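Report on one structure; see the data block that follows.
Just so you know, all these numbers are worked out from the coordinates, no wet-lab data involved. Note that the coordinates shown come from a computational prediction; the quantities given were computed from them, not determined experimentally. Neighbour counts run over all protein chains shown; Cβ positions are idealised from the backbone, glycine included.
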Amino acid sequence: MTSSAGAGSARRDPFSIAGTAVPAGTRKKFEIPIANLMSGTPVSLPILVLHGREPGPTLWMTAAIHGDELCGVEIIRRVLDAVRPETMSGTIVAVPIVNVHGFNTGSRYLPDRRDLNRSFPGSLRGSLASRIAKLLMTEVIELCDVGIDFHTGSDQRENLPQIRADLDDPKTAALARVFAPPVAIHSRVRDGSLRQAATDVGSTVLLFEGGEALRFSESAIRAGATGALRVLNHLGMFKGTFPPTSPVLISRSSSWIRATRSGILHLDSDLGDHVAAGDTIATIHDPFGQRLGVVTTRRPGLVIGSTHSPLVNRGDAIVHIADIASD
Ligand SMILES: [Zn+2]
C-alpha cells in the first residue's frame, strides 16, 4: 500500500514487525506478548522501532538477555535518544530487556534457572527460555542484517568495555574495529547463544561486554553507546562526528588467574592495566592481616575483567587477562 505524501515525494514503505506497521520517518513502541505470570498478569517483550525516512540496513540491538545485566539497557536508551527517524536511513529494532522475568527479579536467569543465552534458536513448544528465544528470532532477528547484543560481567565480576566477535569473519572484524572498544576479543560463536543463532540466519553480530551486573558503570555505558553510534554512522544510518580513536587492541585468547589461597583479597591491578609476566596482581590475607600469598601473572597481557568480591576461595577466578596480538 502506498500513499502519496504530497508534492509527489515517494514515501518509503512502512516497516512491518509482529503485526505492527511503523511508517517511515517515525518511531513506534509496542510489545510482543510472551506468557502470563502465574498470577495471571500478562508479560510481554517491549520493543522500539525507529524506521528511517531513507532506505538502509536493518539493525537490532538487544540487552538484559541476562536479566541482571543493566548497562546495556541504558546504552540502548542513549543510542535511541541520539538518533532521529526523520533524519536516519535504515531501521533500528531495539529490544532493551530480552529477559523480562530476570530483569524484574534482578536475576541472570529465567524463573526455572535456565540461561536464555543458551536457549537459542529456541522452539515455541520448549521451555519458557526456549519460547522467548524463538519469539525473538522470528519476530526481530530474522528481519535484520546487523546486530549488537549488550552484556556485562556476572557474579561480582566487572569487565573492561570490549567487543567479542568472530574476528575471522572480515565483515564482523571490520565492524568490531569501527565500534572502537579498547579491545576486541576473537571468540567463536557459543552453542545456544543469540549470537550464534543470529549469525546462522545471516546477521553480522557484535557482542559488547562492559561493566558489572546490577550496576550502571558510566565508562562502560559511554563506550557502548558511542561504539553503537559509530557502527550506525559507518553503516550510513546516522550522521555523527566522533573524536579519533586509538587503534583497537586485538586478542585471540584470554585466561582467568585464580586465587592461590582462600582468604581476603586485595587487588593490585585495575581494569585496563597492561601486565607483564610475573607481576603481582593480587594479595591474599587472613582476617588479621597476615599475608597468605600473592597472585602473579604467568603471561603478559591486558586486564579485561576482575572480581569485586573481597572474599575468595582457593581456585576462584579473580583477574581475567587477554593476550594481546602484535597486530
Ligand atoms: Zn550476559
Please give, to one decimal in nm, the separation of the simple spin-label points placed at Leu214 and Ser253, each 7 Å out from Cα toward the Cβ. 3.5 nm
Peptides 75-81, 65-71: what's the order by average Cβ count within 10 Å, highest mean first? 65-71, 75-81
Suppose the chain between Val73 and Ser39 were pulled fully straight at 0.36 nm per residue; how much longer would it get relative to their current alpha carbon spacing? 9.6 nm
Residue-count net charge about Leu271 - beta-carbon cut-off 12 Å; Lys, Arg +1, Asp, Glu -1: -4
Using the Cα centre of the stretch 253-324 as the reference point, and only Cβ charges (+1 on K/R, -1 on D/E), how large is the resulting charge dipole? Debye, rounded to the nearest 20. 260 debye
Row for the stretch 169-232, column shape: gyration tensor on C-alpha, a ≥ b ≥ c, rounded if a/c < 1.5 i.e. under 1.5, prolate if a/b over b/c, else oblate; value oblate
Which is farthest toward the positive dipole end of the chain among Val303, Asn313, Phe238, measuring Cα position about the Cα centre, with Cβ charges +1 (Lys, Arg) and -1 (Asp, Glu)? Phe238
Kindly express, to the nearest 10 degrees and within the range 0 to 90, the angle between helix 218-234's C-alpha long axis and the longest C-alpha principal axis of the chain. 40 degrees
The stretch 15-234 shape via C-alpha gyration tensor axes, a/c threshold 1.5: rounded
In whole angstrom, the spacing between the Cα centers of the stretch 252-298 and the stretch 170-221 equals 27 Å
With each label point set 7 Å from Cα along the Cα-Cβ vector, what nm distance links Thr280 and Asp168? 4.1 nm
Be a star and scan the stretch 166-203 for residues whose amide nitrogen sits under 14 Å from the point 7 Å along the Cα-to-Cβ vector of Ala325. 166-177, 183-188
Place the peptides 90-97, 205-212 in order of packing, highest mean first, counting for every residue the other Cβ atoms within 10 Å and averaging per peptide. 205-212, 90-97
Considering only Val73, Ser107, Val83, whose Cα is most displaced toward the positive end of the charge dipole of the stretch 55-135, charges sitting on Cβ of Lys, Arg (+1) and Asp, Glu (-1)? Ser107
Scan around Thr58 for amide H atoms under 5 Å from its own, H built in the peptide plane at 1.01 Å from N, and keep only partners 5 or more places away or cross-chain. Thr91, Asp145, Val146
Ranked from highest to lowest mean number of other Cβ atoms within 10 Å per residue, what is the order of the peptides 245-256, 167-178, 50-61? 50-61, 167-178, 245-256
Length gained when the stretch Asn313-Asn233 is fully extended (0.36 nm per residue, less Cα-Cα span): 24.2 nm
Cα-based Rg / Dmax (Å) for the stretch 253-324: 11.4, 38
Where a Cα-Cα gap under 14 Å defines reach, which aspartates and glutamates qualify for Lys29, not counting those fewer than 8 residues away within the same chain? Asp81
If I model the stretch 100-146 as equal point scatterers sitting on the Cα atoms and use the Debye formula, what is log10 I(q)/I(0) at q = 0.31, 0.34 Å⁻¹? -1.07, -1.15
